[in-house]
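One structure below.
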Amino acid sequence: MKKIVPDPPRLKLIISPHFSVHSHMIPPDSLALASEFLNGVIETLEAHCCQDADEPDPNALASAAHVIKMARTLIEHALSRL
């Protein structure tokens, strides 16, 4: 039996060790999401430095580092599409 409707095209994912980005994401959306990620990092680090200066929280710092890597992946994706 023949297939009447072809399969939809597969989305190509841009994969880094830290984060995956859909290849069809447009640069303004990538940059907007990266900006949101970086604002979260700023809030996390300000809270860490101002409130918890005596007791460092390695989990908060590791989380901030991970989010920075995700933002970098989004920025690199946006630059590759310009």
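Taken together, the values in this text are just the output of simple stated rules run on the coordinates, not laboratory data. If you're wondering where the values come from, they're calculated on a predicted model, not measured in any experiment. Using ideal geometry, Cβ is built from the backbone for each residue, glycine included, and neighbour counts are taken over all protein chains shown.
Here the calculated FRET efficiency for I42 and S20, from their Cβ-Cβ distance with R0 = 30 Å, stands at 0.80, rounded to the nearest 0.05.
List the relative contact order of segment 13-80 as a percent without decimals, with contacts defined as Cα pairs under 8 Å and 6+ residues apart. Could you put the intermediate results ahead of the total?
Numbers: 55 pairs, mean separation 33.1, N = 68.
Across segment 13-80, relative contact order equals 49 percent.
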